[in-house]
Amino acid sequence: MPFAVADSLAARGITPVLFALRGACDPARAERFRHRWISVGQVGRATQLFREEGCRDLIFIGTLVRPALSEIRIDWGTLRVLGRIMRSFRGGDDHLLSGIGKIFEQQGFRMVGIKDVAPDLLMPEGAITRAVPKGPAVADIARGRAVLAALGPFDIGQAAVVIDGHVVAVEDIEGTDGLLARVAKLRADGRIRASGGRGVLVKAPKSGQDLRFDLPTIGARTVEGAAKAELAGIAVIAGNTIAAEPQAMIEAADKAGLFIQGLPA
């Protein structure tokens with residue numbers, strides 16, 4: 001995803017600079033762009049590098065396993081705001097990201113979202129596949145949206161799987177890929193008795209979420225997981241969900257007979 005955003009910016013004549021986190025970013029792919037390396041927790045070094053590169057607008061993109069506080073590489077800049085960082089850890093991912101974002105904003109930078117800089121990567125409204133949701137799938141989508149809206153204040157996850165009105169799984173720290181793998185195993189173990197080709201993966205931002213950070217994302221791997229879980233399709237919030245490598249995703253969904261539907265916000 002960071003490279004897709006960088007490509008989108010470059011296509012519009014904007015020069016991106018990647019500040020790559022050691023251990024989280026693919027060094028080979030980062031070489032395509034101007035980049036600087038930092039370690040998790042190096043607030044002081046990061047701030048210095050942002051200024052050296054003349055960057056005012058910052059975007060948080062990509063995935064990162066939440067580190068333990070003991071794993072953070074502390075520099076002098078981090079020590080100055082360590083109390084605020086520790087408070088940011090006492091909550092879900094949205095609380096953590098927005099807390100770190102506020103630290104950089106108070107240093108004079110502006111946090112922006114993918115919605116602001118690469119809107120071409122966002123899911124449109126309506127079906128983008130040959131298949132479309134019908135009958136039970138429409139009801140499952142509505143139930144999934146209601147469940148995610150209820151869970152949003154707890155900052156837990158952004159996805160749920162609903163089959164014939166039954167909420168069979170909700171996303172947790174494992175992420176969407178793990179969620180779908182869990183549903184596939186439940187089917188294999190006979191815990192889900194509904195026939196294949198039924199059920200929907202529903203993804204939506206958390207209610208009250210800062211939409212500059214951690215938007216729901218789907219891609220070809222999501223489609224692969226949904227197919228293994230024997231679902232009918234995927235439904236996400238249009239304009240608030242990132243569609244990574246959309247052509248490959250659509251081709252995979254059409255091959256598997258799954259729908260991908262963009263829902264009105």
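Rule-based calculations on the coordinates, nothing more; no lab input. Being a predicted model, the structure only gives us computed values, none of them experimental. Quick reminder, even Gly has a Cβ in these numbers, built from the backbone with ideal geometry, and neighbours come from all protein chains shown.
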In degrees, nearest 10, the alpha-carbon axis of helix 2-11 is tilted away from the dominant principal axis of the alpha carbons of the chain by 80
Comparing Ala159, Ala204, Ala11 in a Gaussian network model of the chain (Cα, 10 Å), the one with the largest mean-square fluctuation is Ala11
Computed Rg/Rh for the chain (Cα atoms; Rh = Kirkwood radius) stands at 0.99
Given unit charges at Cβ for Lys, Arg (+) and Asp, Glu (-), the dipole magnitude of the chain about its Cα centre in debye, nearest 20, is 340
At the level of C-alpha centres, the distance separating the range 1-53 and the range 128-167, in angstrom, is 34
Restricting to lysines and to Cα separations under 29 Å from Lys228, and discarding same-chain partners fewer than 8 apart, the set is Lys134, Lys185, Lys203, Lys206, Lys255
For the Arg130, Ile74 Cβ pair and Förster radius 45 Å, calculated FRET efficiency rounded to 0.05 is 0.30
Hits in the range 209-227: amide N under 20 Å from the 7 Å Cα→Cβ extension of His95, namely 209-216
With Cα coordinates, the longest principal axis of the chain makes an angle with the long axis of helix 136-151, in degrees rounded to 10, of 40
In nanometres, the difference between 0.36 nm per residue of separation and the alpha-carbon distance of Ala150 and Arg22 is 42.5 nm
Counting only DSSP beta bridges fully inside the chain, the antiparallel percentage to nearest 5 is 40
Contact order relative to length for the chain, counting C-alpha pairs under 8 Å separated by 6 or more residues, stands in percent at 19
Residue span Asp177 to Asp189: 0.36 nm per residue of separation minus Cα-Cα distance leaves a gain in nm of 2.5 nm
With 0.36 nm assigned to each residue of separation and the Cα-Cα distance removed, Val167 to Glu224 gains 18.5 nm
